[in-house]
Each structure stands twice: as C-alpha cells, then as structure tokens.
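Read through the structure below, which is laid out as structure tokens, and then see the notes.
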Amino acid sequence: MSDKLLLIGLDGGASKINGWTIDFDSDKFGFRLGKDNIQKTYGDYPEFIKDFRSVDLAQQLKEFSENQIRPTATEQIQAKAYTQAVIDVVREIADRYPNRKILIGIGMPGLKTSDDRGIAVLLNGPRMPEYTPTIELALRQKSINLIAPIQRIGSDADYCGIGEEYSAAGSFTSASTAYYLGGGTGAADALKINDKLVPFDDVKPWLAKTWELQNDKGKSLERYASAGGIQSIYSDYSGIS
C-alpha cells in the first residue's frame, strides 16, 4: 500500500458491511486484501428495524422506471443503520492510518440510481437514493477527507468478477470464459466471456441473475444458492425459527 494513499474496499450485503484495506502485489501484478478488516452488522444499530419488510418489488420497479423513487418513512429509518455502519467502518480503518489520502470503492446489491450513487431497488433492504452523498457528508463532518468522491456504487456481483480477474489469487485470471456464483447472505453472479468481464446487466436478453430466476412455487433460486436462503427454506419445512 502506498504511504500516501489508503485504498478501502467495502462489500455491503443484506445484513452487514465488510471493509478491508487493499494492497497492490507488485510481484504478481494484482491486488490483495490488506491486514485491516472491519465488519459492522446493521442489526447492531439502534435505528435497525428487526421486522423490516421491503417495499413490494413491483412497486419498487415501477418507481424506478418512472425515476420517481419515494422511500417510505420506515425505509428512511432503516437506511440510517445501513449508512452509519459504512461510516463507522471507514472511520475505524482511517484512524489506523492518520494523514493518508483515502480512496473508497464500494459494492452493494440492488439496482442503482441513474448516477450510480444511490440504490433505487433492493430486494432485502431499504431503498437509499442518497446513499453515497450521505456517507461522504458524514465522513467530512468527522474530518475524514476522501481524495475523490465515491464515483459509483458497483454491483457486488460484478465486483466479484473484478476480484477474480485482478486479484493476485483470482480464479478468472487463467480462464477465457467463466461463470461465478458466490453464496453468502444472498447470491452473487459474475461473468467472463472471451477474456472480457461482462456485467450481467449487459446480457439481460438471454441470461438472468440468480435472484431473478424462480421455481414453480415462486421462490427465487437465490434461496437455494445462499446460506441465508437455505436456512429460510429449512425453517419453512421444519417450523423452526
């Protein structure tokens, strides 16, 4: 890691935000995780609503298509837990490296706003159209200055592909065409075709994301490919919470 620049990668999901310092491996000419890792769980914040339910997906998509995203009061409260968790992760890492210039990259699930700086549709969480501006303002108020604004919120799925391609230990590096499926709280898909990373949004006409595919009972296949989904299916059949 440069003595002047601190790279922080943030991976957000349905239940937590995970932050790492990022180093460049000059020998393997690729990136690798640094030594510092901070995680924050949204549920640990007082604003978090335990029984929160997302707005109906059809309504979310309608507002998205009309560019009229109107988060509910409940979503706005829940969003405070999400954004505060990010702020705390960045602050705790930055405090370990005083006087460093900070550059942040962040991946989050869901469909993004037209400027890629907010979250317009989210299956398991609140919509946050002002996600990155809110984070940047709070960091400035804590005297944490970024070398540049957060340019965009990347797709956590696409970023999995970038990680596999450009990590010093990446699995895409030696492959010409490959498909990535990662399972955690949710599922993430990434694609490489003919030596090029291809965002799933670019192949919508012929390939769907895991969360968009449903079985004959209307359950997303993401539930069968993620730890959280498998637990929920087991709960449905067993009657155990």
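The values are calculated or read from the model by the stated rules, or taken from the named source; none is laboratory data. For clarity, every value in this text was computed on a predicted model and none was experimentally measured. Every residue, glycine among them, receives a Cβ derived from its backbone with ideal geometry; neighbour counts consider all protein chains shown. Keep in mind that these areas ignore ligands, DNA and RNA; they rest on the heavy atoms of the full protein, side chains included. Shrake-Rupley method; radii C 1.70, N 1.55, O 1.52, S 1.80 Å.
Inclusion of Y179 among residues that are over 25 Å from K16 (Cβ atoms), in a helix (DSSP H, G or I), open to solvent by 40 Å² or more (accessible area, probe 1.4 Å) and out of contact with any helix residue (DSSP H, G or I) (no Cβ under 9 Å at 6 or more places or on another chain) is not warranted.
Scan region 126-144 for residues that are open to solvent by 20 Å² or more (accessible area, probe 1.4 Å) and within 14 Å of G13 (Cα to Cα) and jot them down. Passing the criteria: none in range. In summary, S171 fulfils each of the numbered conditions (1) open to solvent by less than 60 Å² (accessible area, probe 1.4 Å); (2) part of a loop (DSSP other than H, G, I, E, B) with the single exception of condition (1). Residue-level analysis places E75 among those that are modelled with pLDDT of 95 or more and within 18 Å of the chain's Cα centre (by Cα). In region 86-100, the residues that are over 13 Å from K35 (Cα atoms) and without any contact (Cβ under 8 Å) to a residue 60 or more places away in the chain form Cβ pairs under 7 Å with partners that are of a type in the set (K, R) and buried (at least 20 other Cβ atoms within 10 Å of the Cβ), at six or more places apart or across chains, as follows: D88/K40. Restricting region 126-138 to residues that are part of a helix (DSSP H, G or I) and in contact with a strand residue (DSSP E or B) (Cβ under 7 Å, 6 or more places away or on another chain), the residue that is farthest from Y42 (Cα to Cα) is E136. Residues in region 210-241 that are polar (S, T, N, Q) and either assigned to a helix (DSSP H, G or I) or farther than 23 Å from L191 by Cβ (or both): T210, Q231, S232, S235, S238, S241. Listed by first and then second residue, the pairs linking a residue in region 49-68 that is farther than 13 Å from P126 by Cβ and at pLDDT below 95 to a residue that is in a helix (DSSP H, G or I) and not acidic (D, E), with Cβ atoms under 8 Å apart and 6 or more places separating them unless they lie on different chains, are K50/G43.
Of all residues in region 154-162, at least one satisfies being under 29 Å from L221 (Cα atoms) and touching a residue at least 60 places away in the same chain (Cβ under 8 Å).
Taking region 194-207 as the range and being among the basic types (K, R) and under 18 Å from the mean Cα position of the chain (by Cα) as the test, no residue passes.
Within region 172-193, the set of residues being of a type in the set (V, I, T) and under 20 Å from the mean Cα position of the chain (by Cα) comprises T185 only. One residue stands out in region 192-239 among those that are among the acidic types (D, E) and within 21 Å of G163 (Cβ to Cβ): the one that is least open to solvent (accessible area, probe 1.4 Å), namely E222.
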